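Engineer: Quick one: this structure, given as structure tokens, is what I'll be asking you about.
The values are calculated or read from the model by the stated rules, or taken from the named source; none is laboratory data. All of these numbers come straight from a predicted model, not from anything done at the bench. Here the Cβ positions follow ideal geometry from the backbone for every residue, glycine too, while neighbour counts run over all protein chains shown. In case anyone asks, the SASA skips ligands and DNA or RNA and just uses the protein heavy atoms, side chains included. Shrake-Rupley method; radii C 1.70, N 1.55, O 1.52, S 1.80 Å.
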Amino acid sequence: VGITCVEGACLVADLQLMPLDEGRWLLVIRDASRRWRLETHTQRLLAAIDSTPDVVILTDVQFRITFVNPAFEAATGHCIEDAVGRPVDFCQATNEAGKTREYLDGVARGADWIGELMMLRKDGSSYPAEMTFSPIHNNNGELIGAVAFQRDISARRKIHEAFQAEKNFVRSIINSLDASLYTLDGKFRLTHLN
């Protein structure tokens, strides 16, 4: 690749030098701007996928894993070699078979699936994950695979459970009072009472 500038205009070019005969050479210059832009775009896309904390999984048309990002290993304990070639559901809890059929059938029909699943780590422990599973089509509209984005929602669930416990505790105190306690909204409509 060479960069040629003529009168302020620059061109990214592929240069090829081929010997013809004694003392003569053929120089071929091809515009490489489009290829260079695509390669740069692809490199940025791969860097983004590799740096996200969310798990990214690509599959083929049989829903066998063809790619996982580094977050997959961090979340599951399985390396890329453990995953490639295996069914997309190999890390899911066995009681999730119904959801697996649901999202695979949906994607086969061209529909996205969004839901929660229990996932299994390599060490046997489990964690809840939110997943989006979407079809990938080629330029002719043919299904060529799928992409899954997963996020561990363990922390979110713990916060929600703690909030619910606190809410239930406060509600039990309010409901145990001997006096009437109620709340009104801005229009003096009853919203809560014990």
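Engineer: Working only within region 121-154, note down all residues that are part of a loop (DSSP other than H, G, I, E, B) and either surrounded by 13 or more Cβ atoms within 10 Å (Cβ to Cβ) or not small (Gly, Ala, Ser) (or both).
Structural biologist: Restricting attention to region 121-154, the residues satisfying the condition of being part of a loop (DSSP other than H, G, I, E, B) are 121-125, 138-142, 153.
Across region 121-154, the qualifying residues are ARG121, LYS122, ASP123, ASN138, ASN139, ASN140, GLU142, ILE153.
Engineer: Need the failing condition index for ALA74 against (1) crowded, with 18+ Cβ neighbours inside 10 Å; (2) assigned to a helix (DSSP H, G or I), just the number.
Structural biologist: Condition (1) is where ALA74 drops out.
Engineer: Being touching a residue at least 24 places away in the same chain (Cβ under 8 Å), open to solvent by 50 Å² or more (accessible area, probe 1.4 Å) and out of contact with any Ser or Thr (no Cβ under 6 Å at 6 or more places or on another chain), is that true of even one residue in region 88-97?
Structural biologist: Within region 88-97, none of the residues are touching a residue at least 24 places away in the same chain (Cβ under 8 Å), open to solvent by 50 Å² or more (accessible area, probe 1.4 Å) and out of contact with any Ser or Thr (no Cβ under 6 Å at 6 or more places or on another chain).
Engineer: Of the residues THR42, THR66, which is part of a strand (DSSP E or B), open to solvent by 30 Å² or more (accessible area, probe 1.4 Å) and out of contact with any Cys (no Cβ under 9 Å at 6 or more places or on another chain)?
Structural biologist: Working: THR42 fails: part of a strand (DSSP E or B).
Checking each option against the conditions leaves just THR66.
Engineer: Turning to a different aspect of this structure: Tell me, which residue of region 72-120 that is touching a His at 6+ places or on another chain (Cβ under 8 Å) and closer than 24 Å to THR52 by Cα is modelled with the lowest pLDDT? Steps first, please.
Structural biologist: Step one: filter region 72-120 for residues touching a His at 6+ places or on another chain (Cβ under 8 Å), giving 72, 91, 110.
Now restrict to residues that are closer than 24 Å to THR52 by Cα: 72, 91.
Working: PHE72: 95, CYS91: 92.
Result: CYS91.
Engineer: Just name the residue that is most open to solvent (accessible area, probe 1.4 Å) out of those in region 45-63 that are free of Cβ contacts under 8 Å to residues at least 40 places away in the same chain and among the polar types (S, T, N, Q).
Structural biologist: Top of the filtered list is GLN62.
Engineer: Also, quick follow-up: Looking at ILE114, is it open to solvent by 60 Å² or more (accessible area, probe 1.4 Å), without any contact (Cβ under 8 Å) to a residue 60 or more places away in the chain and under 16 Å from the mean Cα position of the chain (by Cα)?
Structural biologist: Considered against the rule, which asks whether it is open to solvent by 60 Å² or more (accessible area, probe 1.4 Å), without any contact (Cβ under 8 Å) to a residue 60 or more places away in the chain and under 16 Å from the mean Cα position of the chain (by Cα), ILE114 comes out as yes.
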